[in-house]
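Structure first, then comments.
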Amino acid sequence: MWNISLKMFFSRFGLALWLGLLVPAAVQSQEREKDMAARGQYIFAVAGGCACHTVPKGTPHAGGRAFPIPFGKAYATNITQDKETGIGSWSDKEIRDSIVKGIRPNGERLLPIMPYEAYSGMAEEDLKALIVYLRTLKPVRKENLQPKVYVSLFRPLVTPLWLKLFGRFSNPLARAPKNSVERGRYLVEHVSLCDDCHTPRNLLLVPRRALYLAGSKVGILGEEIPNITPDKETGIGEWSRNDIAEFLMTGTKPDLDNVQGLMAEVIEAGYKHMKREDALAIADYIKSIPPIVNKIK
């Protein structure tokens, strides 16, 4: 009888001990998930809140925004967690492949209007956190619009050819750079995508690298894109690093004028949440690049 009581005691004690260890582990796992989601939310914000996936004044992240491309028009897709029209049924790997490789779960290539080449250089730690955050987006049922392309084989044939001839994919680091200038370059080229908008493109949408960040009189949406190189006459060479940081976070220029258009959208959707040290890192990087004379206005 005594032996049976001891066995029962140790059995229950062992169970209690096991549960006592299990519960804190579960709590720690939940805390790690929250931390990852918070980090991902910040990366999402620094990426301009992925404003391209939102129609102006429309439902956030539900897609439908039109972008002109050679021979037609493409539409941003629904990136909410809706399982039928969004990405709610996609695995983490499928989401990752779409972001950095431009490949949908069915193997179909995304048109390179989606900047997956630039995102391919996003640090692994940032990309993982971003995917965790995307899982938190409220599901919105909204059917994706099919591209209007006047060449029927544009996606399956022209896109792979374009990528083979002009694609520039990167090998991501495990962790994002910490040094100010290097972090600024990382944000400009792989997260905030200043490079993607402010470097002009030719008729085939190939970036003109000789005019890196030098702006364009006609951007992807038809608007003027300013020269943000340190050129004092045609760029932002007269701006201080604090001027640049303040502009990124508020949309207010040194002359107190407010920015308009897509830049205003990405600031409102995400950049306004940028940490000052990251805004200053971008400023330090922009000030470190060669000035380019390219008059936009």
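I'd like to verify a number: residues in segment 235-246 that are assigned to a loop (DSSP other than H, G, I, E, B) and open to solvent by 30 Å² or more (accessible area, probe 1.4 Å), how many? Give the steps one after another, and end with the answer.
As a first pass, look at segment 235-246 and keep what is assigned to a loop (DSSP other than H, G, I, E, B): 235-240.
Checking the rest, the ones that are also open to solvent by 30 Å² or more (accessible area, probe 1.4 Å) come to 238-240.
Total meeting the criteria: 3.
Only residues that are closer than 18 Å to residue 187 by Cβ and either assigned to a helix (DSSP H, G or I) or under 16 Å from the mean Cα position of the chain (by Cα) (or both): list them for segment 247-264, please.
247, 248, 249, 250, 262, 263
Starting from residues that are under 17 Å from residue 273 (Cα atoms) and aromatic (Phe, Trp, Tyr), keep the ones in segment 26-69 and report whichever is least open to solvent (accessible area, probe 1.4 Å).
Across segment 26-69, the extreme among qualifying residues is 44.
With respect to the numbered conditions (1) among the aliphatic types (A, V, I, L, M); (2) within 23 Å of the chain's Cα centre (by Cα); (3) over 30 Å from residue 36 (Cβ atoms), which one is the sole condition not fulfilled by residue 210?
Here residue 210 meets the rest and fails (2).
Restricting attention to segment 211-229, which residues are open to solvent by 30 Å² or more (accessible area, probe 1.4 Å) and in contact (Cβ under 8 Å) with a residue 40 or more places away in the chain? Explain how you work it out, then say what you get.
First pass over segment 211-229, keeping only residues open to solvent by 30 Å² or more (accessible area, probe 1.4 Å): 211-212, 217-218, 220-224, 226.
Passing the criteria: 211, 212, 217, 220, 221, 222, 224, 226.
Considering only residues that are touching a helix residue (DSSP H, G or I) at 6+ places or on another chain (Cβ under 6 Å) and either open to solvent by 20 Å² or more (accessible area, probe 1.4 Å) or among the acidic types (Asp, Glu) (or both), which ones fall in segment 80-100?
92
Would you mind stating whether residue 199 is under 26 Å from residue 53 (Cβ atoms), modelled with pLDDT of 95 or more and β-branched (Val, Ile, Thr)?
Working: under 26 Å from residue 53 (Cβ atoms): yes; modelled with pLDDT of 95 or more: yes; β-branched (Val, Ile, Thr): yes.
Taking the combined requirement at face value, the residue satisfies it.
For segment 33-75, which positions are under 25 Å from residue 218 (Cβ atoms), part of a loop (DSSP other than H, G, I, E, B), aliphatic (A, V, I, L, M) and in contact with a helix residue (DSSP H, G or I) (Cβ under 9 Å, 6 or more places away or on another chain)?
Selection gives 47 alone.
Could you figure out which of (1) of a type outside the set (Val, Ile, Thr); (2) open to solvent by less than 30 Å² (accessible area, probe 1.4 Å); (3) under 23 Å from residue 171 (Cα atoms); (4) at pLDDT below 95 isn't true of residue 74?
(3)
Collect the residues in segment 134-183 that are within 17 Å of residue 100 (Cα to Cα), open to solvent by 80 Å² or more (accessible area, probe 1.4 Å) and in a helix (DSSP H, G or I), keeping them in residue-number order.
164
Can you tell me how many residues in segment 101-119 are hydrophobic (A, V, I, L, M, F, W, C), in a loop (DSSP other than H, G, I, E, B) and out of contact with any Phe, Trp or Tyr (no Cβ under 6 Å at 6 or more places or on another chain)?
Pass one, segment 101-119, residues hydrophobic (A, V, I, L, M, F, W, C): 103, 110-111, 113-114, 118.
Those still in the list that are in a loop (DSSP other than H, G, I, E, B) too: 110-111, 113-114.
In the following step, the residues that additionally are out of contact with any Phe, Trp or Tyr (no Cβ under 6 Å at 6 or more places or on another chain) were identified as 110-111, 114.
Within segment 101-119, residues that are hydrophobic (A, V, I, L, M, F, W, C), in a loop (DSSP other than H, G, I, E, B) and out of contact with any Phe, Trp or Tyr (no Cβ under 6 Å at 6 or more places or on another chain) number 3.
Pairs needed: first member in segment 120-133, farther than 15 Å from residue 34 by Cα and part of a helix (DSSP H, G or I); second member anywhere, open to solvent by 10 Å² or more (accessible area, probe 1.4 Å) and of a type in the set (Lys, Arg); C-beta distance under 9 Å; at least 6 residues apart or different chains.
124/175; 127/96
The values are calculated or read from the model by the stated rules, or taken from the named source; none is laboratory data. Every value quoted in this text rests on a predicted model; they were computed, and no experiment measured them. Heads up, the Cβs are rebuilt from the backbone with ideal geometry, glycines too, and the neighbour counts pull from every protein chain shown. Only protein heavy atoms, including side chains, enter the accessible area calculation; ligands, DNA and RNA are left aside. Shrake-Rupley method; radii C 1.70, N 1.55, O 1.52, S 1.80 Å.
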